[in-house]
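Chemist: One structure coming up, written as structure tokens, with questions to follow.
The values are calculated or read from the model by the stated rules, or taken from the named source; none is laboratory data. Since the model is a prediction, treat every value here as computed from it, not as a measurement. Note that we place each Cβ from the backbone using ideal geometry, even for glycine, and neighbour counts take in every protein chain shown. Accessible surface is based on the protein model in full, side chains and every heavy atom, while ligands, DNA and RNA are left aside. Shrake-Rupley method; radii C 1.70, N 1.55, O 1.52, S 1.80 Å.
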Amino acid sequence: MDRLWAPWRHAYVTSVSGGPIDCIFCEASSGSVRLQPDPARDDLILVRGRVSFVILNLYPYNSGHIMVVPNRHAPNLASMSAEEQAELMTLTRDAEIALTEAYAPHGINIGVNLGNAAGAGVLDHLHVHLVPRWNGDTNFMTVVGNVRVLPEELGESAKRLRPIFERLAAEDA
Ligand SMILES: [Zn+2]
């Protein structure tokens, strides 16, 4: 598991001014974040619910690596309200459907890392990772080592996934 989750540990965003920001998810939720190094990638959010949203990971482990995140800065499931719990699960379900439709993966990892010891990249703001998996992709990444090979540009991922989330959101409503 260590190898799989390790790529998510590094902080990957700076503020517009170039300094570190406190919480990438709070910044993303408020719409004020500027993601580096490419400002054109500002809009990584795929869909917004009432109390949570779905966002592309700027440094995906695989094509289609997305996260379901509550708007509220809170560290764990224990601190989620009933509404947040319900919508996180609904959006996680929608994310599963969207990834399956868009990428036809062989499998999907769905996971939450709580705390440093578990490899959380953002410690105090809960987020649910979804990573599409293909047979053999772990072996491939091991061979490649630290070099990040991204089979698909993030803008392309957004174009594929956003319409599916929009359709599902209309169905959920
Ligand atoms: Zn936060």
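Chemist: At pLDDT below 90 and open to solvent by less than 30 Å² (accessible area, probe 1.4 Å): which single residue out of LEU91, LEU99, LEU56, LEU44 fits that description?
Modeler: Values: LEU91 fails: at pLDDT below 90; LEU99 fails: at pLDDT below 90; LEU56 fails: at pLDDT below 90.
The unique qualifying residue is LEU44.
Chemist: Please determine, by comparing only the residues of the range 118-135 that are at pLDDT 90 or above and not in a strand (DSSP E or B), which one is nearest to the ligand (Cβ to nearest atom).
Modeler: Filtering first and then ranking leaves HIS125.
Chemist: Please find, within the range 50-95, the residue that is nearest to LYS159 (Cα to Cα) out of those that are outside any loop (DSSP other than H, G, I, E, B) and in contact with a Pro (Cβ under 7 Å, 6 or more places away or on another chain).
Modeler: In this case the residue turns out to be SER52.
Chemist: Shifting gears a bit: Residues in the range 22-32: is at least one more than 16 Å from the ligand (Cβ to nearest atom) and either modelled with pLDDT under 80 or on the phi < 0 side of the Ramachandran plot (or both)?
Modeler: Within the range 22-32, not a single residue is more than 16 Å from the ligand (Cβ to nearest atom) and either modelled with pLDDT under 80 or on the phi < 0 side of the Ramachandran plot (or both).
Chemist: Considering only the range 161-173, how many residues are touching a Gly at 6+ places or on another chain (Cβ under 8 Å) and surrounded by 18 or more Cβ atoms within 10 Å (Cβ to Cβ)?
Modeler: To start, the set of residues in the range 161-173 that are touching a Gly at 6+ places or on another chain (Cβ under 8 Å) comprises 161, 169.
Then keep just the ones that are surrounded by 18 or more Cβ atoms within 10 Å (Cβ to Cβ); that gives 161.
Matching residues across the range 161-173 total 1.
Chemist: Which number in (1) out of contact with any Lys or Arg (no Cβ under 6 Å at 6 or more places or on another chain); (2) modelled with pLDDT under 90 marks the one condition that VAL16 misses?
Modeler: (1)
Chemist: The conditions are (1) under 25 Å from ASP43 (Cβ atoms); (2) open to solvent by less than 60 Å² (accessible area, probe 1.4 Å); (3) within 16 Å of the ligand (Cβ to nearest atom), and SER81 fails exactly one of them. Which is it?
Modeler: Here SER81 clears every test but (1).
Chemist: Further, regarding this structure: What are the residues in the range 49-78 that are free of Cβ contacts under 8 Å to residues at least 40 places away in the same chain and within 18 Å of CYS23 (Cα to Cα), if any?
Modeler: VAL51, SER52, PHE53, ILE55, ARG72
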